[in-house]
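All remarks here apply to the structure that follows.
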Amino acid sequence: MLRKILSFQPSVHLVLITTLLSNVGVFMVVPFLAIYLSKLNSLSAIEVGTIMGTAFWCQRAGSLFGGILSDYVHIKKTMLLGLAMRIPGYLTIGFTHNFYILLLSCIFIGLGSSMYFPAAKSFLVKNVSTADKVDILATRSIFANIGTAIGPLLGMLILKIHPHLLFSLVGFIFVLLLLLNCTLKESPSTSTRSKINFSDFQKLLTNKKMLRIALFTFLFLFLYIQLEVTIPLFGDQNFGRNAPSYIFLLNALIVIFFQIPISRWSCRENSKMPIVLSFVFFALSFFLLHTLDHSYLSLFLAIIFFTFAEIIMRIRLDYDATNIDERLIASAFGIMSLSSAFGGMAGSYFGSLLYNKALFGLSAWQMLSIASLSAALLSLLLFMKKAKK
């Protein structure tokens, strides 16, 4: 893997390093932001929820605009804008208790992320050969997960020392990344654009393959968001407060060590097998959580199935999105991100409302397992219909 990474050009290395460090910075804050805001006497619970929800929507839904800006204007400038927008957001949070200023700061952070995310993924894909597309998407995911694993540990340590220092440090991380990315060299494929009309974007929006990807992205995020909502809560209640940390650590380690081999298989196989199998793995994971004998072995087995489902689905959808229109890769990622916003919101509400409750005699895990199997059947039917044409 190291040899493959070293074979990429320096500009790709810089974007990968930026992905890692930005994720370290983001996840130094993400696990603790709601806690920090809740402890401010100037904010009500509704105001805290408004700030967090607005930031989420700006990050996810704004990626559509970020993708369009990258494809239609300039990919590097969009990336720099995304990095720059987050700087005032992070630097301001630790020094104000005002609701409107905090809201504006989190909007800047969310929009900055939405600008950078689709542009950076598009930049990576356009700066490697077609044969290396799967490897670069998988490598990016590994770097992102390393940052995701390191960030909370650093954030927890710094938060205990001084909360204001945490936000300022993350702000300076993005200052450093902005300066480094100003030196980013573009290849002809990213610096010179083919003529793109609005009609091309309209065709992308109505492309059947794009619509299928958007649907699967919605379903995927509906299920995947349980890793951030119901599964940590389940672990905390049944195994103690350290269980959520173990769950996230296991998830990150599996992604880091298995991402590339699984990605190569997932993107080489015919289009129906990986998607269907991913939904089946989700169903097995939720079924295990329902029948759990309250041993760490059973819990970790459920997380293993869950993570393999995540790896297979995420890389396959990303890869398929890059093959619709090579001129509009960032826009395709933006559409996926918008779809994921709706899926994540629906899954979050579902998990929060029905956790520890029964509906028609079914637990939340049983309903999620049935939903996963239904998604597997739906995907199989869609692919069979496509094959007949």
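General observations
- Pair list, Cβ < 7 Å and 6+ apart or interchain, from the stretch 1-29 residues that are at pLDDT 85 or above to residues that are charged (D, E, K, R) and part of a helix (DSSP H, G or I): LEU16/ARG140; THR19/ARG140
- Sub-9 Å Cβ pairs linking a first residue in the stretch 250-262 that is without any contact (Cβ under 8 Å) to a residue 12 or more places away in the chain to a second residue that is aliphatic (A, V, I, L, M) and buried (at least 21 other Cβ atoms within 10 Å of the Cβ), at least 6 apart or interchain, are PHE257/ILE142; PRO261/ALA138, ordered by first then second residue.
- Selected residue (only one of ARG212, ARG241 is modelled with pLDDT under 85 and not small (Gly, Ala, Ser)): ARG241
- Single residue of ASP71, ASP132 found to be closer than 27 Å to ASN251 by Cα and either touching a Pro at 6+ places or on another chain (Cβ under 7 Å) or among the acidic types (Asp, Glu) (or both): ASP132
- All conditions in (1) touching a residue at least 24 places away in the same chain (Cβ under 8 Å); (2) over 20 Å from SER369 (Cβ atoms) hold for ASN242, with the sole exception of (1).
- Of the residues in the stretch 245-265, not one is in a loop (DSSP other than H, G, I, E, B) and either more than 28 Å from LEU2 (Cα to Cα) or assigned by TED's automatic domain parsing to the domain that holds LEU299 (or both).
- Only residues that are under 17 Å from VAL15 (Cα atoms) and touching a residue at least 40 places away in the same chain (Cβ under 8 Å) were counted in the stretch 78-101, giving 6.
- Any chance PHE286 is more than 18 Å from PRO118 (Cβ to Cβ) and either touching a residue at least 60 places away in the same chain (Cβ under 8 Å) or not in a helix (DSSP H, G or I) (or both): yes
- The set of residues in the stretch 131-171 being hydrophobic (A, V, I, L, M, F, W, C) and within 12 Å of LEU16 (Cβ to Cβ) consists of ILE136, LEU137, ALA138, ILE142, PHE143, ALA144, ILE146.
- Residues (crowded, with 23+ Cβ neighbours inside 10 Å and either touching a strand residue (DSSP E or B) at 6+ places or on another chain (Cβ under 6 Å) or among the polar types (S, T, N, Q) (or both)) located in the stretch 102-140: SER105, SER113, SER114, SER122, THR139
- Residues in the stretch 290-313 that are part of a helix (DSSP H, G or I), of a type in the set (Ser, Thr, Tyr) and farther than 14 Å from PHE239 by Cα: THR307 alone.
- Given (1) of a type in the set (Gly, Ala, Ser); (2) under 30 Å from SER7 (Cα atoms); (3) surrounded by fewer than 22 Cβ atoms within 10 Å (Cβ to Cβ), index of the condition SER168 fails: (2)
- Scanning the stretch 347-389 for residues that are under 18 Å from ALA283 (Cβ atoms) and either at pLDDT 90 or above or in a helix (DSSP H, G or I) (or both) yields a total of 24.
The values are calculated or read from the model by the stated rules, or taken from the named source; none is laboratory data. What you see is a predicted model; the values in this text were computed from it and never measured. Cβ: placed from backbone, ideal geometry, glycine included. Neighbour counts: every protein chain shown.
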